[in-house]
Amino acid sequence: MRIAILGAGSLGTIAGAYIAAAGQDVELIDVNQAHVHALNQSGAQVVGTLQFTAPVHAITPDQMSGKYDLVLLLTKQLYNDAVLQHLLPYIGEQSVVCSLQNGIPEEKVASIVGRKRVIAGSVEYGATWMEPGVSSLTTEAEMFKKYAFQIGELDGVTTKRIERIQAILDLVGGTHISDNLVGTKWSKLLINNAFSGMSAALGGTYGDVLDDAIGIRSAVHIADETIKVGHAYGVNFAKMNGFDVASLEVNSNADIKAHIHTLRVILQPTRLLKASMLQDLEKKRQTEIDFINGVIPQLAKERGLVAPYNELVVELVKQAESAQSVPRFNENIARFEKLYDQVLV
């Protein structure tokens, strides 16, 4: 099987290292020429909660050739039109594009590459790009080996091809087949909204959000908004790492305290994670905020719901984008405290 990792950033570098070390035919594809050069010269270096280096073959998109049997799509949704149009000549009738992007991009991906070629997935480990050729794994090693990916067919059927792809991704970390892909993606969106969004909006790590009373309370409300909107669209949220994320819905004030405790326990292994959107802000790049937290207010409006916490995350991240600056935790956490007071009125 000829494999491409399209978008070999922080997550893709780690996946590529393990897949290559297992002797698979894999190319790491990225637009960052310095990163590609370092990967080829020194290998893919994994640091952080695991230490590992593997020789890999990396190229830039203009060097792509032939046909790939499996494409692991890890680019940002911002660039899907251009990225997927460029990919088309390099996939055949039986090729599979496995979307591992944040958010819920599968319909967009299918509209370009064809629905029968698409399977979807959720990356369940965190990583931070350190420098060319080096990615830091921020999820605890034991958790990474148990829960690295969830994947599944769009119709929920367990097929031979999904089992083959599971075997490939198992080389990286624990890979689980889901028969509820929509629920899986929404569950990942919920965690991204609550913690990647807050990480970016506040300029801190997941641990910073977990440790701050206002931050963690706001994360609970973000999760609740996501669940209520998902339910309005008939979404059956899938379990993540064995946890029922839909149980985070808030139905009374007493739920908030319980959910704060729950999130602090289940997110403990990801304390070191810095959201990729925050990394983008640090590099003065546009983020994927419209495809993460931005999805909820848009869908909420269509169902007569409101999502003020997600709206505030979008507002603060877009402000930072415009100013090409990194949010200041103490300044922006005050905005969430003010929002809490306004919602209570």
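Couple of notes before you dig in:
- Residue match in the stretch 202-216 (condition: under 15 Å from the mean Cα position of the chain (by Cα) and crowded, with 22+ Cβ neighbours inside 10 Å): yes
- Meets criteria (without any contact (Cβ under 8 Å) to a residue 12 or more places away in the chain and among the aliphatic types (A, V, I, L, M)) for A219: no
- Checklist (1) open to solvent by 40 Å² or more (accessible area, probe 1.4 Å); (2) among the aromatic types (F, W, Y); (3) in contact with a strand residue (DSSP E or B) (Cβ under 6 Å, 6 or more places away or on another chain) applied to Y68, failing item: (1)
- Leading residue by the ranking (least open to solvent (accessible area, probe 1.4 Å)) among those in the stretch 41-60 that are out of contact with any helix residue (DSSP H, G or I) (no Cβ under 6 Å at 6 or more places or on another chain) and under 16 Å from V31 (Cα atoms): I59
- Residue tally, condition part of a helix (DSSP H, G or I), open to solvent by 40 Å² or more (accessible area, probe 1.4 Å) and either more than 26 Å from E142 (Cα to Cα) or basic (K, R) (or both), over the stretch 259-297: 4
- For the stretch 34-44, the count of residues that are in contact with a Phe, Trp or Tyr (Cβ under 8 Å, 6 or more places away or on another chain) and not in a helix (DSSP H, G or I) is zero.
- The stretch 61-82 residues that are within 13 Å of G7 (Cα to Cα) and outside any loop (DSSP other than H, G, I, E, B), paired with ones that are open to solvent by 20 Å² or more (accessible area, probe 1.4 Å) and aromatic (F, W, Y) (beta carbon under 6 Å, 6 or more apart): Q77/F291
- If you go through the stretch 4-31 and keep only what is within 25 Å of K274 (Cβ to Cβ) and either surrounded by fewer than 16 Cβ atoms within 10 Å (Cβ to Cβ) or among the hydrophobic types (A, V, I, L, M, F, W, C) (or both), you end up with I5, L6, A8, L11, I14, A15, A17, I19, L28, I29, V31.
The values are calculated or read from the model by the stated rules, or taken from the named source; none is laboratory data. Keep in mind that this is a model prediction, so the values were computed, not measured. A quick note on method: Cβ atoms are made from the backbone with ideal geometry, for glycine too, and the neighbour counts reach across all protein chains shown. The area values use the complete protein model at the heavy-atom level, side chains included, leaving out ligands, DNA and RNA. Shrake-Rupley method; radii C 1.70, N 1.55, O 1.52, S 1.80 Å.
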